[in-house]
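Since every read-out is calculated from the coordinates, none of them should be taken as a lab result. Because the structure is a prediction, the values reported are computed rather than measured. Glycine also receives a Cβ, built like all others from the backbone with ideal geometry; neighbour counts cover every protein chain displayed.
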Amino acid sequence: MGSLTNNGRKLANFTGFYKGIQSAGAAIAPAIDNTKVSYMTNLAACWGLLAGSLVVAAPVIFLKVKDTTSLEEDLKFSDETFAEVAPTEAKAAILREKHSRRST
């Protein structure tokens with residue numbers, strides 16, 4: 001999850017969604033056990049759900065996870081500003097870069 005964003009608020013939302021799905025699975029497990037299905041059927045169901053979830057997660061993994069994320073892109077849907085979160089050196093570097101683009 002940490003490779004999707006550096007924004008703490010977004011990570012909290014992703015973590016809440018993940019823990020909700022995890023809790024739903026934990027709630028279903030005793031129900032499956034109470035139906036007295038064989039252990040191999042239970043194991044096969046778990047592996048089937050795992051395989052299905054990997055198919056669903058593949059587009060996120062291949063399209064959204066990047067090596068780097070720019071600070072501007074990370075702040076796009078946040079109420080935080082660049083000045084609030086950027087380190088001092090980064091602010092200076094961005095300002096120098098913008099200034100050099102204007103002068104050329």
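Loop-located chymotrypsin sites (Phe, Trp or Tyr not before Pro) across the range 36-104 with a Cβ neighbour count of 12 or fewer within 10 Å are Phe77, with loop assigned by DSSP. For the chain, the longest principal axis of the alpha carbon atoms and the long axis of helix 88-103 meet at an angle near 60°.
If we count other beta carbons within 10 Å of each Cβ, what is the order of Val56, Val65, fewest first?
With the fewest neighbours first, Val56, Val65 line up as Val56, Val65.
Taking +1 at the Cβ of each Lys and Arg and -1 at the Cβ of each Asp and Glu, which of Ser38, Ala12, Gly52 sits farthest along the dipole of the chain towards its positive end, judged by Cα position relative to the Cα centre? Of the candidates, Gly52 comes out farthest on the positive side. Relative to the longest principal axis of the Cα atoms of the chain, the long axis of helix 39-64 lies at roughly 20 degrees. Site pair Ala83 and Tyr18 shows an inter-label distance of 3.4 nm when each label is modelled 7 Å from Cα along Cα→Cβ.
When Cα extents along the principal axes in Å is calculated for this entry, the matching label among [x] 77, 23, 23; [y] 54, 41, 25; [z] 74, 23, 18 is [z]. By the count of neighbouring beta-carbon atoms within 10 Å, fewest first, Val55, Val37, Val85 end up ordered Val55, Val37, Val85.
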